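Here's the structure, in structure tokens; my notes come after.
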Amino acid sequence: MSEDLFLAGLAERLLEHGAPPLERTAVVLPSRRSAARLRQWLGNKAGRAIWSPELFTMDRFLARTVSRKLL
């Protein structure tokens, strides 16, 4: 339940903040389940179609960051 409260609050902040645009924002979360729930919260709170931020798990974010630095 506390995870849902956190994700709901995060969705609200992301939608209210507005800069940079969501499609240019990356969010790192502990699990794919958290990412899926955040997507749901964003959709519910926006009430319309939106571009979602890029959502990463910690391991996927690190793998992407390291691979970019090695190239």
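Observations, loosely collected:
- Any helices (runs of 4 or more DSSP H) falling wholly within the chain and containing at least 3 residues that are exposed (fewer than 11 other Cβ atoms within 10 Å of the Cβ): 2-17, 58-70
- The range 48-65 residues that are among the aliphatic types (A, V, I, L, M), paired with ones that are assigned to a loop (DSSP other than H, G, I, E, B) (beta carbon under 9 Å, 6 or more apart): M58/P30; M58/S31
- Failed condition for R37, given (1) more than 12 Å from the chain's Cα centre (by Cα); (2) basic (K, R); (3) modelled with pLDDT of 95 or more: (1)
The values are calculated or read from the model by the stated rules, or taken from the named source; none is laboratory data. All of these numbers come straight from a predicted model, not from anything done at the bench. Glycine also receives a Cβ, built like all others from the backbone with ideal geometry; neighbour counts cover every protein chain displayed.
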